[in-house]
Structure formats: structure tokens, C-alpha cells
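Worksheet: the structure to be examined is printed underneath.
The values are calculated or read from the model by the stated rules, or taken from the named source; none is laboratory data. A quick note: this is a predicted structure, and the numbers were derived from the prediction, not measured. Because the Cβ atoms are built from the backbone with ideal geometry, glycine has one as well, and the counts that use them run over all protein chains shown.
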Amino acid sequence: MRQFLLSLFVSTLLGAAILFFSPYFIGEIEPWISDSYYYTGALVLAGFIVLVDRHASYESIFIGIVLGQAIYMFTFIPVDSLVGVALVIMAFKSLLSCVGLLLKSAISDVLHLIKGNT
């Protein structure tokens with residue numbers, strides 16, 4: 001349970017950081033409407049970073065990243081009538097964080113095989 005809460009907390013912070021840094025990197029408050037690859041790269045990187053412990057659950061990381069973005073959005077971004085659409089787009093694009101998770105686990109598995117630790 002402690003590991004679940006820790007990975008949820010870290011991924012929530014990373015999810016909020018994605019939206020926090022968006023205006024500085026791409027000049028858009030809502031990164032999912034931008035033409036740049038910032039949002040895609042940030043989600044993959046967040047999924048990669050948060051899996052520092054091999055025992056963290058993928059579900060808690062994905063939920064945390066989406067939760068962090070939603071909390072930041074409702075707290076600091078002006079809410080308009082299309083907030084529901086934004087949440088759906090954000091949730092689907094946040095699946096890209098799972099790509100980072102899979103990359104991290106694949107790299108870790110390959111490194112353990114190379115070292116001889118099975």
C-alpha cells in the first residue's frame with residue numbers, strides 16, 4: 001500500500017508539472033492543442049521517470065498522471081464550457097505515459113539480462 005501511494009504521489013506531481021511547464025516551453029496553457037511534441041514527450045518522459053522502482057504499479061502511475069493534470073487544470077487554468085472535452089483528450093493522450101512505463105521496464109529487463117541477474 002505504501003508503494004502504491006508513493007508512486008501515486010510522484011506521478012501526480014509529474015502530471016501537474018507537465019501542465020505547469022507548458023506555457024514556458026510551448027507558449028500554450030493547454031498543451032494538448034499545440035502542434036509541438038512537448039505534450040507527447042513530457043508524458044512519455046513522466047512515465048519513464050516515475051518507474052524508478054520496479055515494484056510500482058502501472059495503474060497507480062497512470063491514474064496519478066491524469067489526476068495531477070486534472071487537479072492543476074481545475075486549480076490554475078480557466079474553466080470553460082469545453083472542460084469535458086479537454087478531460088477526455090487529456091485522459092486519452094495520457095495513455096502515452098504507459099509507453100514510457102513500457103520503455104523503462106524493457107530497458108530494465110535487458111540490463112538485468114546483460115548483468116546475468118534473472
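For L102, state whether it is assigned to a helix (DSSP H, G or I) and either modelled with pLDDT of 85 or more or within 25 Å of I26 (Cα to Cα) (or both).
The answer is no for L102.
Name the one entry in Y38, Y72, Y58, Y24 that is surrounded by 12 or more Cβ atoms within 10 Å (Cβ to Cβ), farther than 22 Å from F4 by Cβ and hydroxyl-bearing (S, T, Y).
Y38
May I ask you to list pairs of residues, at least six apart or on different chains, whose Cβ atoms are under 6 Å apart, with the first in the stretch 1-28 being on the phi > 0 side of the Ramachandran plot and the second being of a type in the set (V, I, T) and surrounded by 14 or more Cβ atoms within 10 Å (Cβ to Cβ)?
none
In the stretch 61-92, which residue that is among the polar types (S, T, N, Q) and modelled with pLDDT of 85 or more is nearest to S108 (Cα to Cα)?
Of the residues in the stretch 61-92, the ones among the polar types (S, T, N, Q) are 69, 75, 81.
Filter once more, so that each one left must be modelled with pLDDT of 85 or more: 69, 75.
Values: Q69: 27, T75: 36 Å.
Across the stretch 61-92, the extreme among qualifying residues is Q69.
From the list I71, I89, I49, which one is touching a residue at least 40 places away in the same chain (Cβ under 8 Å), outside any loop (DSSP other than H, G, I, E, B), touching a Leu at 6+ places or on another chain (Cβ under 9 Å) and among the aliphatic types (A, V, I, L, M)? Before you say what the answer is, go through the steps one by one.
Numbers: I71 fails: touching a Leu at 6+ places or on another chain (Cβ under 9 Å); I89 fails: touching a Leu at 6+ places or on another chain (Cβ under 9 Å).
So the residue among I71, I89, I49 that is touching a residue at least 40 places away in the same chain (Cβ under 8 Å), outside any loop (DSSP other than H, G, I, E, B), touching a Leu at 6+ places or on another chain (Cβ under 9 Å) and among the aliphatic types (A, V, I, L, M) is I49.
Within the stretch 40-52, identify whether any single residue is under 21 Å from P78 (Cα atoms) and aromatic (F, W, Y), and answer yes or no.
Within the stretch 40-52, none of the residues are under 21 Å from P78 (Cα atoms) and aromatic (F, W, Y).
From the list G47, G15, which residue is modelled with pLDDT under 90 and within 15 Å of S97 (Cα to Cα)?
One residue alone meets the criteria, G47.
Can you tell me which residues in the stretch 13-41 are in a loop (DSSP other than H, G, I, E, B), hydrophobic (A, V, I, L, M, F, W, C) and closer than 17 Å to I65 by Cβ?
Listed by number, the list is empty, since nothing qualifies.
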